[in-house]
Amino acid sequence: MAERAPESLQEKIEERLQYYEDLGIRLFYRDRATTASAASFAPTVSVQVPTPAFQESPLPKPAAKPFPPKVAAAAPPPRIAPVVAPSGPSLFESVDKIKDDMLPKIREDIGDCTRCKLHKGRNKIVFGDGSPKAELVFIGEGPGADEDYQGLPFVGRAGKLLTQMIEAMGLQRKDVYICNVVKCRPPENRAPEPDEVATCSPYLLRHIDVIRPEVIVCLGAVAAKTLLATTRGISQFRGEWLEWRGRKLMATYHPAYLLRNPNAKGEVWKDLQKVMAELGLQPPKKSKSS
Ligand code: SF4
């Protein structure tokens, strides 16, 4: 007769399942490679916790071809490996299984979230803002003081610069969707820590799956590293077309970085021009992008 897992382990599994249920993830896989000793516990439900997005994964050699223009018939191999682990299920696959997901449902699932320690210092959860049908999604790192106060992403100084960038592309903020890797402000505006990213990023992934944008622009290293599961510096792949779960992804510098380093604006503008070409956008006449 199969041995049951100790009660404490069963409770932990139950808690973990509840956590994923809260996120809307209800489909789990059993790892065929489970060791004999682990299998012998024979818990009521066997859970393989998916690899978090922030974990490292080696990138292919940079010699791979970039994406072709939209009109090209055949898709070239991606420059950067998808975040999905080479074998076994990933969190992203699980998120894909959510049927009929919608932004209000995601917001409802988040609730008055206390799932990571960032909840302790926040004023408001910053969910995301913009068109739920946007072709272009910008992803930042996390809310700052202004965002925390207003409950909206990118409304401070860096946000104003992002708005200018969007308008220079011939768009309005309402035409795109803007969100962050974590939805609560990290204290002292520090970068979100890996456990916080791991806890909050499933919501981000659900955002993207609901919106289904053609292009994702990662603003800064945290967003890029979270989605691409890489530890490479952003300067190594900034401005290149990458592939992420079948979508085109461009990583560029965060507007806050541009406020400190205005000389980098030209580089970012070049990146955004590539995005514009991809989406068939024309800059407005008399654009005063700087
Ligand atoms: S950052 Fe995300 S996971 Fe953490 S408390 Fe806020 S909403 Fe919840």
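For this structure, a couple of remarks:
- In this calculation the C-beta distance from Lys120 to Lys12 is compared with R0 = 30 Å, giving a FRET efficiency of 0.85.
- Ordering of 131-139, 207-215 by burial proxy (mean other Cβ atoms within 10 Å per residue, highest first): 131-139, 207-215
- Cα gyration tensor category, rounded, prolate or oblate, for segment 187-290 with a/c compared to 1.5: oblate
- Model label points for Arg157 and Met102, set 7 angstrom from Cα along the Cα-to-Cβ axis, are 4.0 nm apart.
- Inter-probe distance in nm under a simple model that places probes 7 Å from Cα toward Cβ, at Lys270 and Ala191: 2.4 nm
- Compactness ratio for segment 118-242: Cα radius of gyration over 2.2 N^0.38 Å (N = residue count) comes to 0.99.
- Cα convex hull volume per residue for segment 96-149 (Å³): 121 Å³
- In terms of distances greater than 23 angstrom between alpha carbons, the cross-link table entries Lys105/Lys183; Lys124/Lys225; Lys120/Lys225; Lys160/Lys270; Lys225/Lys248; Lys99/Lys274 yield Lys124/Lys225; Lys120/Lys225; Lys99/Lys274.
- Placing pseudo-labels 7 Å out from each Cα toward the beta carbon at Leu259 and Gln164 gives an inter-label distance of 1.2 nm.
- Contour minus Cα-Cα distance for Lys133 and Arg212 (0.36 nm per residue): 27.7 nm
Values in this text are rule-based calculations from the coordinates and carry no lab data. Since the model is a prediction, treat every value here as computed from it, not as a measurement. Note: ideal-geometry Cβ built from the backbone for every residue, glycine included; neighbour counts use all protein chains shown.
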